[in-house]
Amino acid sequence: MDYARRHIRFGWWSLLVFASAGLVLESLHGFKVRAYLDTANETRRLMWTLAHAHGTLLALVNVAAGLTWRAAPSMPANPRLTSTSLIAASVLLPGGFFLGGVAFYGGDPGVGTLLVPIGAVLLLFALFSIARAASASR
Amino acid sequence: MQYIRRISVSRSHLILVALVIAAAGLGVARVARIERAVEESRVAGRPVQLPDEGFVSSQTCRACHPSQYQSWHRSYHRTMTQIAAPENVAASFDGVAVDAASGGPMALEQHGRELWAEFDDPDDAEGRGRRGVRPPSDEPGGQTGVRPRRIKRQVVMTTGSHHQQIYWYATGSSRILGQLPAIWLTADRRWIPRRAAVMRPPGGAHVSETGGWNGVCVACHTTNGQPQLDTPLGSQPIFTQTADTRATEFGIACESCHGPSDAHARANRNPIRRYASHVAARGDATIVQPAKLPPARSSDVCGQCHSFWEFADQASERRANAHGLPYRPGDELAATRFIVQPTRNLDSPEMRAFLEADAGFIRDIFWADGMVRATGREYNGLVESPCFKNATDPARTMSCFSCHTMHQTADDLRPVSEWANDQLAAHATGNGACVQCHERLSPTHSHHGQDSSGSSCYNCHMPFTTYGLLKTIRSHQISSPSVQSTLATGRPNACNLCHLDKTLAWTAQYLNDWYGVAKPSLDADESSVAASVLVLLKGDAGQRAIVAESMGWSAAQQASGRAWLAPYLALTAKDSYDAVRYIASRSQRTLPPFRREELPRNSPQLLIKADGTFNADVVNRLVRARDNRRVVYRE
């Protein structure tokens, strides 16, 4: 499988989605939507901002991973698992933050936020695998 | 690739660096926390804020309850006590000269973030630094007839922000505070002498407020306040005392109502516990939710400050001086202090002792029938209300939370400032609070137009008969208009506070026609002169203040006409009591310029003759019959 192409493709589409989400958030600011801006909804605002930021950043990480995959001297030990972990993390992290802001409990995000640590672990695993592969000598 | 290999070689170093950074971060956070506490405890010259005894302060609550924190932060409860800083003071201190101060003029200065004031020393009764000018007898030095010395002190704390702001200076004696001789009126944006801000008769001995904050204000205007004077306030001259006054937090913060929260905060550091609680939507036993307590207990939470109470004995006063008040939210308030309620405990040994020490102990707080008449004691009114004391179903028992909410709810679309004014729940701004229980009341019950002010439950059953802070507020003892009560107590009834131009006989007749209330016997004046005019001319100072305020009330002006009010308010603006004069002048400003030709002719109930002149004989007779007893409200 062409993992490099997979991540570059996923990364750019993901970037489109989360950049668009940024526009939506800006609109919520622009139209002063209370469900987003009221002090009672501070947690939602934080969670959705984090979802946007993480989604956008991880989209760029996917593009970088694809490019690294092409340029690196060797593949990660388990390329399929590494690739799937990175893509899953790119969905779970922003998705968890988003769901955590849909329904929340005061200063605590909703239970959807439980996806975030799972995504974080997968991301760290994928980053470690790619970093190790990229560091290997030719 | 060379670059990547370099990184690979130093991987262990990177891990080490990351660990060092993490440890340093934790260390800095810890040090910052310690340093903050040390900084406050090192502050000299004013009381300090130190978390203690299971209290953690609102900063800890904020992390998990941002919405509740925000609504509290915008409330006047928070700003009841603040450290004096340019952003907290309502008045300008930047090179301001204040003539309207008790004693001599006051000079205010701002140096950076420090606020300073120069004024006559209110505690210099012997008049050190004589200048040979005799001050009024109720001002500093008044008894000796010489001006006291001038002093310059740093202003360190403030009280209030809603209606008035009072300023406290460091006396230089331990943490004992003194009060500036002028206060700032927020709405008027002007200074007035301190003595003019309270209902107090002219003349009389000068009362120093020094130490008052430490010994009295701290109990209710802070969270977990502890006077820590060496002996309770008043037991010896204040300048022979020292104080280490402290509180968990200045202002009435989260833990004033929810109780000490350290255990709650600790327990909920565990996310599994938190989410189990969220998902199960169950309460948390580690914290008190006042709104979920039974009505009596929930009202006790408010009553800890909004009641008239005394220490049951000297031992409890000494304990409170050392450790703060023992009441904690959820407790039975009356078990921790003596609630002064003449209808219930007039014959108690405690009350007899208080009355022996001060004959006016009850008189200036309660009307003759036991209804509270001084502001800030709403709890005393609530517990005497039939909706509270006669209720048998807790779900239909009135409590403070039937009408008020301490956190503006998301469905309340009013501006925050409007909610913060009285912290009424959105449903309670109109008749909604009452129809929660009185849902079957006939729409014609009020006999007034449905959209008129006479159709408001509040206006008839919670009239403005409570006084304090230069204004009247609604009585919190729910009652029905009664001429009999007016005759027995002197308290103006709701009908005549709106229908200012009508007599007691007129009111008695309507109450009889509409509700079958028996008509009491009335004397000639009560039958022929408007009730408001009678009170204004012959009532005591507290009664005069209530009617003068009503004369500026738009609903009353609409019901009674405005043209005749100006002369009576002009007369009242010469009252011997500063507070009454102030209110009359304020009401006068709500009126259009006076035009004699617009006066109603031949209105005997208003003492206006056919030629448009006032019946001076009757006016003078009534003024001569005035109740001139000294009225001193405990505000």
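Observations on the structure shown:
- For the peptides B:164-174, B:318-328, the ranking by packing is B:164-174, B:318-328, with the highest mean count of neighbouring Cβ atoms within 10 Å listed first.
- Pairwise FRET efficiency - B:Asp284 versus B:Ala359, Cβ, R0 = 41 Å, nearest 0.05: 0.25
- As a size descriptor, the averaged projected area of the C-alpha convex hull of chain B was calculated at 38.0 nm².
- A simple packing score, the average count of other Cβ atoms within 10 Å per residue, orders the peptides B:306-314, B:381-389 as B:381-389, B:306-314, with the highest score first.
- Rg over Rh [alpha-carbon atoms, Kirkwood Rh] for region B:449-635: 0.94
- Comparing B:Ala566, B:Ile473, B:Gln289 along the charge dipole axis of the protein assembly as shown, the residue lying farthest to the positive side is B:Gln289, per the Cβ-charge model.
- Given B:Lys538/B:Lys574; B:Lys538/B:Lys609; B:Lys471/B:Lys609, the pairs whose alpha carbons are separated by over 26 Å: B:Lys471/B:Lys609
- Using a cutoff of 8 angstrom between alpha carbon atoms and counting only pairs six or more residues apart, the relative contact order for region B:449-635 works out to 20 percent.
- Cα-based helix-to-principal-axis angle, B:271-280 vs chain B, degrees rounded to 10: 40
- For chain B, relative contact order (Cα pairs under 8 Å, six or more residues apart, normalised by length) works out to 11 percent.
- Prolate/oblate/rounded label for region B:536-635 (Cα gyration tensor, a/c 1.5): oblate
- Basic side chains Lys and Arg get +1 at the Cβ, acidic Asp and Glu get -1 at the Cβ, and with that the dipole of the protein assembly as shown about its Cα centre reaches some 2600 debye.
- Karplus 3J(HN,Hα) series, Hz, for region B:520-528 with 6.51 cos²θ - 1.76 cosθ + 1.60 (x for Gly, Pro): x, 7, 10, 7, 4, 5, 5, 8, 10
- Using alpha-carbon coordinates, inclination of helix A:3-30 to the longest axis of chain A, degrees: 10
- Residue-wise HN-Hα couplings along region B:302-315, as the Karplus relation 6.51 cos²θ - 1.76 cosθ + 1.60 with θ = phi - 60° gives them from phi, are 6, x, 4, 10, 8, 9, 9, 9, 9, 5, 5, 7, 5, 5 Hz; Gly and Pro carry x.
- Rounded to the nearest 500, the 222 nm mean residue ellipticity of chain B from helices alone is -9500 deg cm²/dmol, with -39,500 (n - 2.57) taken per DSSP H run of at least 4 residues.
Every number in this text was worked out from the coordinates using simple rules, so none of it is lab data. Fair warning: this is a prediction, and the values are worked out from it, not measured in the lab. Virtual Cβ from ideal backbone geometry, glycine too; neighbours counted across all protein chains shown.
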